[in-house]
Amino acid sequence: MFTIVNREEMAEGTVILNEIEAPRIASRAKPGQFVILKANEEGERIPLTMAETDPQKGTITIIYMVVGKSTALFKTLQVGEAYQDVIGPLGKPTTVEKVGNIVCVGGGTGIAVMHPITRALKDAGNHVTAILGARSKDLLILEEKMAAASHELLITTDDGSYGRKGFVTDALKDVLDKGDTQMVVAIGPVPMMKFVSKLTSEYQVKTIVSLNPIMVDGTGMCGGCRVTIGGKTKFACVDGPEFDGHQVDYDELMLRIQAYCEDEKRCFEDYCMLKPDYAR
Amino acid sequence: MAGQAAKKEKTPRLKMPEQEPHVRARNFHEVPLGLTAEMAIEEAGRCLQCKKPACVPGCPVGIDIPGFINLIREGEFTQSIRKLWEKNSLPAVCGRVCPQEIQCEGLCIVGKKGEPVAIGNLERFAADQERAHGTGELPPRAKPNGKKVAVVGSGPSGLTVAGDLIVKGYDVTILEAFHKPGGVLVYGIPEFRLPKAIVAQEINFLERLGVKVECNAVVGRTVSVDELFEEEGYDAVYIGVGAGLPRFMNIPGENLIGILSANEYLTRANLMKAYLFPEVDTPIPIGKNVVVLGAGNVAMDAARTAMRLGADKVRIVYRRSRDEMPARTAEIHHAEEEGIEFFLLTNPTRYFGNEQGRLTGMECLKMELGEPDDSGRRRPVPMEGSEFSLDCDLCVVAVGSGANPLLTQSTKDMQLNKWGYIDADLETGKTRKKGVWAGGDIVTGAATVILAMGAGRKAADSIDQYLSWGW
């Protein structure tokens, strides 16, 4: 059993942090890797990239948004309760090396995934600018941690309630215009990664993105997570989750992550009927 | 005497009762219903008890076939299962999934003139009888010798190694990547062919013997093979992780929604029990018009699963002819009875989809058989201008699997062959890496449950020798 030792609610309760006892995973995990979690016997296997690991304490931290039945079920788990299964660390870690000036662009819960990567890139001697995007101020997460993990922090909100009004790409464009950026890392919703990659390809700046398609096993066995990278099929679970952002077929990915949307909706609605507290 | 022998030959092979095709095609309950004790004794009486049995050499684990059958004939069911256990730790599984027609039953003397003795059905009977009425008494176990063996993968070969070594006194731990043990017996083979309760009971049997089972342990990621030796104190490691890399057709449109590898489709259905969705949380695509590519056992399993999930039409599309289909005869027969159609000598060339990226059909070519290829089977050759299209909303790709590199690439000094399978001695399972054995599909490429078990048996013997006498 994988017991929850700390739990926080963020972004008005739509985003949840769980720190989970998983010593074996914590001792090996590196930034950019993910775990698969399953709440109970009937549960689905859900892949989530780790937001933090603490090898001394033997814990890992995940931060997720409640979007369907499985994440709503995760949300019900309190401190002292446990996930039945946590599998990992999976996927290839982020390549952390000194390249110079790096911009880390995070959107939504992608900021959580971005945090350990940003810190590692800074620790490796890079000058790191972080750009965070959210729909509004209330939905922005990890601002302080990201400020500490970077040299410079820029914030954009869609509605202008905090930071600059607009999208992360607006802030990124200004940084790129300075002409001294060697690399961009972008993690967030697929459309965000698509538009960041589109912009950076105009500036010919190398861009890394982290993909989170539908998966079952996470070990290269099912092929459910196939993505097209530079015209070739890759498995995000073992070949990724990070890829060259300029090579990703985002339109295909956006369709594929919708594969079960009708089933998921039905399942979530059934669950909300049973547990009205979690219907939002 | 002569009269009795003649009478034996005339007794027809007992057909195991089965669910009616139209009923079973829509449920997930096991298809064959098993033999009653009376039926089993009668069928056992058909065995000639040959002095030099032809059947035994056909068994990859060398079961004393006339021996266990004779004990059934005498009504000594407990003794019969003990006889089976001497050579086979998973008789309830093997009785159900072995390709007996090309092994023991294919060599049975009775089968020369009529139908062979139903060896598989009798093996299944003995195991089921033990499960239902047995004493649960464990076989004797040697005194613990303090030596630790890690078994990576809990499929048929890993379970065999664990079962063999635990009774020899070793401290055995199975490491399984999934959240549930059983490997292909759990994620691959469907409930209607191998009920999961049976697999769970076989594993429980090993646990009662003292085998430790650690799930969620992805060797190569959660822990490496070298760390098993250096940090966790194991004296030997057996790798039986299966093939585990799905092959696709590599034709245009393959990433449309509605095209799944058989691994994914069956894992959703079997391991995740998605056929119960929304009672369980994992969904599975429900096709009305389903195409399964390939004609092995996995393809039959996928096709029959699709039918049970409510398809109107399920078609097997296979590029060779009926004679080359690799599936067990019984599976092909069951599939046909359940209304699955066969499009033989047919090969898809591309998929069609709609604006939502969902599969709507495929283009196929007709094939004809040419000269034999490397596999000895006649090579299918496309017939020019024979293109036609097939409508479908779900396609399951069951054209085989390759070697999953996750463990092998993260293990230093592991020698692989050109296809990525582990280079291991086929007689002992020894790899080129000290203290490491391997067997089953990760050595041979995708094969059968019983061949993997045979490899496990040989490796267990070799590990025992090594840990007793040295490498």
> When A:Q78 is evaluated against the numbered criteria (1) facing chain B (nearest Cβ under 10 Å); (2) in contact with a strand residue (DSSP E or B) (Cβ under 8 Å, 6 or more places away or on another chain), which criterion, by number, is the only one it fails?
Replying inline: (1)
> Among the residues of region A:261-279, is any within 22 Å of A:P31 (Cα to Cα), touching a residue at least 60 places away in the same chain (Cβ under 8 Å) and either open to solvent by less than 60 Å² (accessible area, probe 1.4 Å) or not assigned by TED's automatic domain parsing to the domain that holds A:Q33 (or both)?
Replying inline: no
>> For region A:230-260, which positions are away from every other protein chain (no Cβ under 11 Å), open to solvent by 20 Å² or more (accessible area, probe 1.4 Å) and under 18 Å from A:I187 (Cβ atoms)?
In response: A:E242, A:D244, A:H246, A:Q247
> If you scan region B:228-262, which residues turn out to be open to solvent by 30 Å² or more (accessible area, probe 1.4 Å) and part of a helix (DSSP H, G or I)?
Replying inline: B:F229, B:E230
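I'd like the full set of residues that are open to solvent by less than 40 Å² (accessible area, probe 1.4 Å) and either more than 27 Å from B:V161 (Cβ to Cβ) or modelled with pLDDT under 90 (or both), limited to region B:78-105.
Selection gives B:N88, B:S89, B:L90, B:V97, B:C98, B:P99.
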> Which condition number does B:R315 fail, the rest of (1) open to solvent by 10 Å² or more (accessible area, probe 1.4 Å); (2) within 14 Å of another protein chain (Cβ to nearest Cβ); (3) not in a loop (DSSP other than H, G, I, E, B) being met?
Replying inline: (2)
> Quick one: would you say B:G244 is of a type outside the set (A, V, I, L, M, F, W, C), touching a Ser or Thr at 6+ places or on another chain (Cβ under 8 Å), under 28 Å from B:R457 (Cα atoms) and at pLDDT below 95?
Replying inline: yes
> Within region B:164-175, is even one residue within 30 Å of B:E20 (Cα to Cα) and at pLDDT 95 or above?
Replying inline: no
>> Here is a list: A:G110, A:G125, A:G166. Which entry is without any contact (Cβ under 8 Å) to a residue 12 or more places away in the chain and either open to solvent by less than 50 Å² (accessible area, probe 1.4 Å) or among the small types (G, A, S) (or both)?
In response: A:G166
> Mind checking whether some residue in region A:183-196 is within 14 Å of chain B (Cβ to nearest Cβ) and either in contact (Cβ under 8 Å) with a residue 40 or more places away in the chain or surrounded by fewer than 18 Cβ atoms within 10 Å (Cβ to Cβ) (or both)?
Replying inline: yes
> For region B:180-193, how many residues meet the condition of being closer than 16 Å to B:M272 by Cα, assigned to a loop (DSSP other than H, G, I, E, B) and in contact (Cβ under 8 Å) with a residue 40 or more places away in the chain?
Replying inline: 7
>> Just the residues that are away from chain A (no Cβ under 14 Å) and either surrounded by fewer than 24 Cβ atoms within 10 Å (Cβ to Cβ) or acidic (D, E) (or both), please, taken from region B:168-188.
In response: B:K168, B:G169, B:D171
> Of everything in region B:6-56 that's open to solvent by 60 Å² or more (accessible area, probe 1.4 Å) and within 16 Å of B:Q100 (Cβ to Cβ), which residue is farthest from the chain's Cα centre (by Cα)?
Replying inline: B:R13
>> With the structure loaded, tell me whether A:K57 is surrounded by fewer than 20 Cβ atoms within 10 Å (Cβ to Cβ), within 13 Å of chain B (Cβ to nearest Cβ), assigned to a loop (DSSP other than H, G, I, E, B) and out of contact with any His (no Cβ under 9 Å at 6 or more places or on another chain) or whether it fails that test.
In response: no
> Among the residues of region A:228-256, which ones are among the aliphatic types (A, V, I, L, M) and closer than 27 Å to A:E202 by Cα?
Replying inline: A:I229, A:A236, A:V248, A:L253, A:M254, A:L255
>> Quick check on this structure: which one of B:T349, B:T360 is surrounded by fewer than 22 Cβ atoms within 10 Å (Cβ to Cβ), within 14 Å of chain A (Cβ to nearest Cβ) and assigned to a strand (DSSP E or B)?
In response: B:T360
> Condition test on B:L165, is it within 16 Å of the chain's Cα centre (by Cα) and either aliphatic (A, V, I, L, M) or open to solvent by less than 10 Å² (accessible area, probe 1.4 Å) (or both)?
Replying inline: no
> Cβ-Cβ below 7 Å, separation at least six or inter-chain, first residue in region A:1-21 and farther than 12 Å from A:V79 by Cβ, second among the polar types (S, T, N, Q) and open to solvent by less than 60 Å² (accessible area, probe 1.4 Å): which pairs?
Replying inline: A:M1/A:Q84; A:V15/A:T109
>> Testing A:A147 on (1) open to solvent by 20 Å² or more (accessible area, probe 1.4 Å); (2) more than 18 Å from the chain's Cα centre (by Cα); (3) on the phi < 0 side of the Ramachandran plot, one condition comes back false. Which one is that?
In response: (2)
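Per-residue answers, yes or no, for (1) within 25 Å of the chain's Cα centre (by Cα); (2) free of Cβ contacts under 8 Å to residues at least 60 places away in the same chain; (3) facing chain A (nearest Cβ under 8 Å):
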position: B:I203; (1), (2), (3): yes, yes, no
position: B:T222; (1), (2), (3): no, yes, yes
position: B:D226; (1), (2), (3): no, no, no
position: B:A236; (1), (2), (3): no, no, no
position: B:I239; (1), (2), (3): yes, no, no
position: B:L260; (1), (2), (3): yes, no, yes
position: B:Y265; (1), (2), (3): yes, no, no
position: B:M272; (1), (2), (3): yes, yes, yes
position: B:Y275; (1), (2), (3): yes, no, no
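The values are calculated or read from the model by the stated rules, or taken from the named source; none is laboratory data. All of these numbers come straight from a predicted model, not from anything done at the bench. Note: ideal-geometry Cβ built from the backbone for every residue, glycine included; neighbour counts use all protein chains shown. These area figures cover heavy atoms from the full protein model, side chains too; ligands, DNA and RNA do not enter into them. Shrake-Rupley method; radii C 1.70, N 1.55, O 1.52, S 1.80 Å.
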